[in-house]
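Novice: Have a look at this one.
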Amino acid sequence: MLKYALALRTIKDLIVDREFHRPTGEGHAAEQALDMIMETVSILDYDCDYLPGAEFGQVTNDSRKVVADSIFAAIPGSTVNGEKFVVDAQEKGAKVIISEHNLADLLLPGRVNLVVSDCYLAYAELCNALADFPARSFPAIGVTGTNGKTTTVMLLRKILQEVNKKCGIISTVEYDTGNSEPQAADRTTPEAERLFNFFSAMRSNQIDGMAMEVSSHALHQHRIGKLQFNTAIFTNLTGDHLDYHKTMEEYYLVKKMLFTRHLAANGTAIINCDDVYGMRLAQELAADNIAVLSFGCQSDQWRINNIATDRSGSKFTLQNGQRKVDFSINLAGLHNIRNTAGAVLALEAADLLTVEDSAAILQNTAISVPGRLEAFTLPNGTVAMVDYAHTHDALTNVLQSLKALNFKRIIAVFGAGGDRDRSKRPLMGKAAALLSDVIILTSDNPRSEAPEQIISEIRAGIPAEFTNVYTVVDRKQAIADAIKMAHADDVILIAGKGHENYQEINGVKHHFDDREILRNIYSLD
């Protein structure tokens, strides 16, 4: 029972009302749990003689999952307010209610209410504590940024696997606990209960290290509690999610939280200083005496130089003073060179592998990341590339990479997601017009918006003099039309959805996979 008292102790600083709320006349309903009460009181320093139940079965924020003796976190979400389900949770067995408002009037006999300043943070911390802080058992690497997170995490896992080290991952594509079949991810950073359960499984599987994408939404919503990383990577910051964060400054400050709140005291920040926000972050963290390792073509620490790229991959050198390490990877493009640099520096900072070790491994290792410049060669010699690029910066990076490979023409097929940041739509159109020869605008995940409206907003950014632009709302037809107009040595970029196997329309997810469409059209292996 001490375990549960200690769990409550983790949220002591979040509790704003210095007493347990309870129904009138129920002050002694838990006399049978006196030992638990006294332990809790002594730890939390409360003048209180009431806490029901000797142990808690679980902590959850989903009333449908409540079992006997649960702690229920009534989180006031943006779309659903958990406080509406407090009575239902109690009827199913919840004994303690965590909330941001005093809900004493809703309490049933034998229940208590802890009022906290941040319900989701309290919930995440309880999940972490009841799992006995599993991520303390292995080196943890966090990766944040607008683009490149998934590729970086996949690189980290692949490099470790090549030397027979187990690596758990939490990514946009999949969750892998290190000793079972990975499961498809439904979001970049899962909610707290699932997240810490994954970490528990990783600890049980005795992984050697863990790599995790940390989204800005997860940081802002405190989805990871007070989780600490040994190493944290910043890939870049460009326009995205401004429907949520409103301004680039707010977006930046949320990303910065990974390094100021979630980097262990002896941890290291690995930062891409070719990015203007990365340079700012490196300077601000260094001023706060946080250990920083920068990389990039202009970095004064680990500099990227001697770059050569072709259709088989890339070669480059990482150099820091007299230390010089040559790399050869099967990934094309400067953005992938930067992803690789961040990954290998993080592995060294986490005492898992030296930069030289990683370079030797990558020399003979093929890296494949689902939906990230995933190539398909068509019977007529055309190459089709499926990529997740869904921001103007990501689209620019991918198109620049393809431009450097000297294809005869680049045919770009893309759209933009509905009910999301609209400011990036014309910027995506402009980027495509600068670097493509033909553009086919189509539907992505329109959600509740009309695809035609989204396409018109993308088209607004395409200069009038660029005339090789077509609108084909049906995405499958758009892919088919691109194939029909392509010739040998052309490349088709199908962007925006990448690894996704669905198309979301008016709240319904319909099965749809760009890669599957390509395979079916030409019966590709």
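Novice: Are there any pairs with C-beta distances below 6 angstrom linking a residue in the stretch 3-20 that is modelled with pLDDT under 75 to a residue that is open to solvent by 50 Å² or more (accessible area, probe 1.4 Å) and part of a loop (DSSP other than H, G, I, E, B), with the two at least 6 apart or on different chains, and if so which?
Specialist: 4/55
Novice: Go through the stretch 504-517 and give me each residue that's in a loop (DSSP other than H, G, I, E, B) and open to solvent by less than 60 Å² (accessible area, probe 1.4 Å). Steps first, answer last, please.
Specialist: The first filter runs over the stretch 504-517 and keeps only residues in a loop (DSSP other than H, G, I, E, B), leaving 506-507, 512-513.
Hits for the stretch 504-517 are 512, 513.
Novice: Residue 328 passes all but one of (1) under 23 Å from residue 403 (Cβ atoms); (2) of a type in the set (S, T, N, Q); (3) in a helix (DSSP H, G or I); which number fails?
Specialist: It is condition (3) that residue 328 fails.
Novice: Let me ask something else. Restricting to the stretch 77-87, name every residue that is of a type outside the set (Lys, Arg) and either within 22 Å of residue 7 (Cβ to Cβ) or part of a helix (DSSP H, G or I) (or both). Break it down into steps so the answer makes sense when it comes.
Specialist: To start, the set of residues in the stretch 77-87 that are of a type outside the set (Lys, Arg) comprises 77-83, 85-87.
Within the stretch 77-87, 82, 83, 85, 86, 87 qualify.
Novice: Do we find that residue 158 is of a type outside the set (Gly, Ala, Ser), under 26 Å from residue 188 (Cα atoms), in contact with a helix residue (DSSP H, G or I) (Cβ under 8 Å, 6 or more places away or on another chain) and modelled with pLDDT of 95 or more in this structure? Even if it seems obvious, please write down each step before you answer.
Specialist: On the way: of a type outside the set (Gly, Ala, Ser): yes; under 26 Å from residue 188 (Cα atoms): yes; in contact with a helix residue (DSSP H, G or I) (Cβ under 8 Å, 6 or more places away or on another chain): no; modelled with pLDDT of 95 or more: yes.
No; evaluated as a whole, the condition is false for this residue.
For every residue, the table says whether it meets (1) of a type in the set (A, V, I, L, M, F, W, C); (2) closer than 23 Å to residue 184 by Cα.
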| position | (1), (2) |
| --- | --- |
| 437 | no, no |
| 441 | yes, no |
| 444 | no, yes |
| 449 | no, no |
| 483 | yes, no |
| 499 | no, yes |
| 512 | yes, yes |
| 517 | yes, yes |
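Novice: What residue, of 114, 106, 121, is of a type in the set (A, V, I, L, M, F, W, C), open to solvent by 50 Å² or more (accessible area, probe 1.4 Å) and out of contact with any Pro (no Cβ under 8 Å at 6 or more places or on another chain)? If you could, list the steps in order and put the result at the bottom.
Specialist: Details: 114 fails: open to solvent by 50 Å² or more (accessible area, probe 1.4 Å); 121 fails: open to solvent by 50 Å² or more (accessible area, probe 1.4 Å).
Answer to the selection: 106.
Novice: Moving on to the next point. Can you tell me which residue among 437, 393 is of a type in the set (Asp, Glu), at pLDDT 95 or above and open to solvent by 20 Å² or more (accessible area, probe 1.4 Å)? Let's see the steps before the verdict.
Specialist: Working: 393 fails: at pLDDT 95 or above.
The unique qualifying residue is 437.
Novice: Moving on to the next point. Using beta carbons and a limit of 9 Å, which pairs, at least six apart or on different chains, have the first residue in the stretch 297-313 and touching a residue at least 40 places away in the same chain (Cβ under 8 Å) and the second one loosely packed, with under 11 Cβ neighbours inside 10 Å and part of a loop (DSSP other than H, G, I, E, B)?
Specialist: 310/406; 311/406
Novice: Next question. Limited to the stretch 103-148, what total is found for residues that are of a type in the set (Lys, Arg) and part of a helix (DSSP H, G or I)?
Specialist: Matching residues across the stretch 103-148 total 1.
Novice: Within the stretch 292-301, does at least one residue satisfy the condition of being open to solvent by 10 Å² or more (accessible area, probe 1.4 Å), touching a helix residue (DSSP H, G or I) at 6+ places or on another chain (Cβ under 6 Å), at pLDDT below 95 and under 22 Å from residue 403 (Cβ atoms)?
Specialist: Step one: filter the stretch 292-301 for residues open to solvent by 10 Å² or more (accessible area, probe 1.4 Å), giving 292-293, 297-298, 300-301.
Applying the additional criterion that residues be touching a helix residue (DSSP H, G or I) at 6+ places or on another chain (Cβ under 6 Å) yields 292-293.
Then keep just the ones that are at pLDDT below 95; that gives none.
Within the stretch 292-301 (the criterion being open to solvent by 10 Å² or more (accessible area, probe 1.4 Å), touching a helix residue (DSSP H, G or I) at 6+ places or on another chain (Cβ under 6 Å), at pLDDT below 95 and under 22 Å from residue 403 (Cβ atoms)), the answer is no, since none of the residues qualifies.
Novice: Still on this structure, I have one more. Of the residues that sit in the stretch 459-485 and are open to solvent by 50 Å² or more (accessible area, probe 1.4 Å) and touching a strand residue (DSSP E or B) at 6+ places or on another chain (Cβ under 8 Å), which one is farthest from residue 417 (Cα to Cα)?
Specialist: The extreme case among them is 485.
Novice: For residues that are open to solvent by 40 Å² or more (accessible area, probe 1.4 Å) and under 29 Å from the mean Cα position of the chain (by Cα), scanning just the stretch 486-503, find the one that is nearest to residue 150 (Cα to Cα). Please lay out each step first, then the result.
Specialist: Our first condition is that a residue be open to solvent by 40 Å² or more (accessible area, probe 1.4 Å); within the stretch 486-503, this holds for 487-489, 501-502.
Retained after the next criterion (residues that are under 29 Å from the mean Cα position of the chain (by Cα)): 501-502.
Values: 501: 17, 502: 19 Å.
By that ranking, first place goes to 501.
Novice: Another question, then. Inside the stretch 154-254, counting only helices (runs of 4 or more DSSP H) that do not spill past its ends, which hold 3 or more residues that are surrounded by 18 or more Cβ atoms within 10 Å (Cβ to Cβ)? Break it down stepwise before answering.
Specialist: On the way: elements: 192-204, 216-220, 242-245.
It comes to 192-204, 216-220.
Novice: Of the numbered conditions (1) part of a helix (DSSP H, G or I); (2) touching a strand residue (DSSP E or B) at 6+ places or on another chain (Cβ under 8 Å); (3) open to solvent by less than 20 Å² (accessible area, probe 1.4 Å); (4) of a type outside the set (Gly, Ala, Ser), residue 151 fails exactly one; give the number of that condition.
Specialist: Of everything listed in (1) part of a helix (DSSP H, G or I); (2) touching a strand residue (DSSP E or B) at 6+ places or on another chain (Cβ under 8 Å); (3) open to solvent by less than 20 Å² (accessible area, probe 1.4 Å); (4) of a type outside the set (Gly, Ala, Ser), residue 151 misses just condition (2).
Novice: Among the residues in the stretch 257-274, are any of a type in the set (S, T, N, Q), assigned to a loop (DSSP other than H, G, I, E, B) and open to solvent by 40 Å² or more (accessible area, probe 1.4 Å)? Spell out how you get there, then give the answer.
Specialist: Of the stretch 257-274, the ones of a type in the set (S, T, N, Q) are 260, 266, 268, 272.
Then keep just the ones that are assigned to a loop (DSSP other than H, G, I, E, B); that gives none.
Scanning the stretch 257-274 turns up no residue that is of a type in the set (S, T, N, Q), assigned to a loop (DSSP other than H, G, I, E, B) and open to solvent by 40 Å² or more (accessible area, probe 1.4 Å).
Novice: May I ask you to say which residue of 67, 59 is hydrophobic (A, V, I, L, M, F, W, C), within 19 Å of residue 195 (Cβ to Cβ) and at pLDDT below 95? Write out each step before concluding.
Specialist: On the way: 67 fails: within 19 Å of residue 195 (Cβ to Cβ).
The conditions single out 59.
Novice: Tally time: how many residues in the stretch 432-462 are out of contact with any Asp or Glu (no Cβ under 8 Å at 6 or more places or on another chain) and either among the charged types (D, E, K, R) or over 26 Å from residue 511 (Cα atoms) (or both)?
Specialist: 14
Novice: Give 135, 122, 140 a once-over and let me know the one that is under 30 Å from residue 501 (Cα atoms) and touching a residue at least 40 places away in the same chain (Cβ under 8 Å).
Specialist: Details: 135 fails: under 30 Å from residue 501 (Cα atoms); 122 fails: under 30 Å from residue 501 (Cα atoms).
Testing whether each residue is under 30 Å from residue 501 (Cα atoms) and touching a residue at least 40 places away in the same chain (Cβ under 8 Å) leaves just 140.
The values are calculated or read from the model by the stated rules, or taken from the named source; none is laboratory data. Fair warning: this is a prediction, and the values are worked out from it, not measured in the lab. With ideal geometry, Cβ positions are generated from the backbone for all residues, glycine too; neighbour counts draw on all protein chains shown. Surface accessibility is based on the protein's heavy atoms, side chains included, excluding ligands, DNA and RNA. Shrake-Rupley method; radii C 1.70, N 1.55, O 1.52, S 1.80 Å.
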